[in-house]
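K.L.:
A single structure is presented below for examination.
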Amino acid sequence: MKYKKNFKNINSHLGEFDNLGTVASYIPELSSVDPLKFGIHLTTITNKHFSFGDSDEKFSIQSISKVLSLVLAYKLEDEYLWNRVGVEPSGTPFNSLIQLEHDLGIPRNPLINAGALVICDVLVSHLKNPKQEFIEFVRTISNIETIDYCNRIAESEKSAGYRNAALINLMKSYGNIHNDIDVVLDFYFHLCSIEMTCKELSQTFLFLASYGVCPFTNEVVISRSKSKRVNAIMQLCGFYDEAGEFSFKVGLPGKSGVGGGIVAIHPNKYSIAVWSPRLNIKGNSYKGIKFLELFTSETQVSIF
Ligand code: GLU
């Protein structure tokens with residue numbers, strides 16, 4: 001497959017997107033990122049690599065890490081997990097409080113902030129040293145020892161994290177948070193702070209294109225059935241209240257973050273990561289979504 005040619009060709013049509021949207025501004029570490037950064041990396045399940053642009057530069061993966069925490073919690077809790085968090089698209093912004101009260105403290109899905117906070121609570125219950133054990137899990141599945149949190153970003157997240165504090169307090173009042181709120185929030189803010197390059201991100205998610213098996217070690221990360229379900233959740237809930245639009249235009253399960261990153265999976269084929277920091281009104285990378293739309297159109301492969 002000549003993906004590199006696709007990347008170059010599609011990029012030549014994306015110039016008009018360079019000035020659309022705005023970089024996330026709620027913390028200085030995100031607002032100071034060069035808005036014109038653009039990177040792509042595709043890793044096939046046979047470990048072939050194709051990259052373009054700023055694909056080797058680290059960026060803040062933000063909410064993309066919510067998929068990885070979900071995977072670890074699902075592995076530990078099995079189907080009991082769904083007693084505390086749903087699997088329905090929310091149709092509301094990622095940090096919405098309104099729906100949570102209506103749903104009596106049970107978040108619609110694990111990829112909105114409320115759901116990710118419940119997942120963090122589950123991990124705090126299971127793990128002795130959640131931050132350390134979680135980052136080791138990420139390093140193992142990606143086969144990259146250097147992946148880490150950015151403490152500066154975690155601190156900034158904390159100082160700006162009023163809505164997340166509101167969400168977790170509301171859920172605590174409904175009995176859906178079992179541990180100390182500050183401990184769970186601290187873990188959550190660290191999850192948001194993980195940094196990766198496009199190459200590292202696409203490599204990290206490759207096991208979800210390989211039916212739950214880590215292609216680098218051949219170890220089962222999660223069962224085939226669980227991997228199918230995690231992909232289904234990404235398909236339905238991975239882009240906040242723009243998940244339908246992403247599915248419609250791109251046709252792959254994926255997850256975005258407010259750092260401008262997107263990762264998408266084609267089961268049995270590849271994992272692709274794109275990074276462009278300018279976000280649309282829903283908080284998703286403008287150019288990243290457009291690139292993926294053109295990529296699945298030009299290659300004529302999607303899961304549908
Ligand atoms: N740090 C962000 C928050 O919790 C994550 C947002 C995102 O990437 O969706 O508000």
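What follows draws every value from the coordinates through simple rules; no lab data is involved. Quick caveat: nothing in here was measured; it's all calculated off a predicted structure. All Cβ positions, even for glycine, are placed from backbone atoms using ideal geometry, and neighbour counts span all protein chains on display.
K.L.:
Normalising by the residue count of the stretch 147-304, find the relative contact order in percent from Cα pairs under 8 Å and 6+ residues apart.
P.N.:
17
K.L.:
Calculate how steeply helix 224-237 sits against the longest principal axis of the alpha-carbon atoms of the chain, using the helix alpha-carbon long axis, and give the answer as 0 to 90 degrees to the nearest 10.
P.N.:
Between helix and principal axis, roughly 90 degrees.
K.L.:
Considering Cα pairs under 8 angstrom that are at least six residues apart, work out the relative contact order of the chain and quote it in whole percent.
P.N.:
Rounded, it is 28 percent for the chain.
K.L.:
Could you give the dipole magnitude of the chain about its Cα centre, charging the beta-carbon of Lys and Arg +1 and that of Asp and Glu -1, in debye to the nearest 20?
P.N.:
Once rounded to the nearest 20, the dipole reads 880 debye.
K.L.:
Continuing with the same structure: How large is the convex hull of the Cα atoms of the stretch 173-239 per residue, expressed in Å³ as a whole number?
P.N.:
Convex hull volume per residue, Cα atoms: 151 Å³.
K.L.:
While we're looking at this one, here's another question. Students often forget the sequence filter, so: which aspartates and glutamates lie under 16 Å Cα-Cα from LYS255 once same-chain residues fewer than 8 apart are removed?
P.N.:
Candidates past the 8-residue exclusion: GLU88, GLU195, GLU200, ASP241, GLU242, GLU245, GLU293.
K.L.:
On to the next question. State the percent of C-alpha pairs, over all pairs in the stretch 1-146, separated by a distance greater than 19 angstrom.
P.N.:
66
K.L.:
Ranking PHE239, PHE248 by Cβ neighbours within 10 Å, fewest first, what do you get?
P.N.:
PHE248, PHE239
K.L.:
Using alpha-carbon positions, what is the distance between the centroids of the stretch 271-304 and the stretch 162-177, in Å?
P.N.:
Spelled out, the Cα-based centre of one part sits 33 Å from the other.
K.L.:
Give me HIS126, HIS41, HIS102 ranked fewest to most by other Cβ atoms within 10 Å of their Cβ, as a rough exposure proxy.
P.N.:
HIS102, HIS126, HIS41
K.L.:
Still on this structure: From the square roots a ≥ b ≥ c of the eigenvalues of the alpha-carbon gyration tensor of the stretch 1-60, which class results: rounded (a/c under 1.5), prolate (a/b over b/c), or oblate?
P.N.:
Numbers: a/c = 3.51, a/b = 1.59, b/c = 2.21.
It is oblate, given that a/c is not under 1.5 and a/b is not larger than b/c.
K.L.:
Next question, about the same structure. At R0 = 41 Å, how high is the FRET efficiency between SER12 and TYR162 if r is their beta carbon distance? Nearest 0.05 is fine.
P.N.:
0.45
K.L.:
How big is the stretch 129-285 in terms of Cα radius of gyration and Dmax, in angstroms?
P.N.:
Radius of gyration, then largest Cα-Cα span, for the stretch 129-285: 16.3, 44 Å.
K.L.:
Now for a separate question. Hey, what number do you get for the chain at 222 nm if only DSSP H runs of n ≥ 4 count, each worth -39500 (n - 2.57), divided across all residues, to the nearest 500?
P.N.:
Numbers: 13 runs with 133 residues, N = 304.
Calculated mean residue ellipticity at 222 nm is -13000 deg cm²/dmol.
K.L.:
How long are the three semi-axes of the equivalent ellipsoid of the chain, in whole Å, if each is the root of 5 times an eigenvalue of the C-alpha gyration tensor, listed from largest down?
P.N.:
So the three semi-axes of the chain are 28, 21, 18 Å.
K.L.:
With 10 angstrom as the radius, rank ARG278, ARG163 by how many other C-beta atoms surround their C-beta, starting from the fewest.
P.N.:
Least crowded to most crowded, the residues run ARG163, ARG278.
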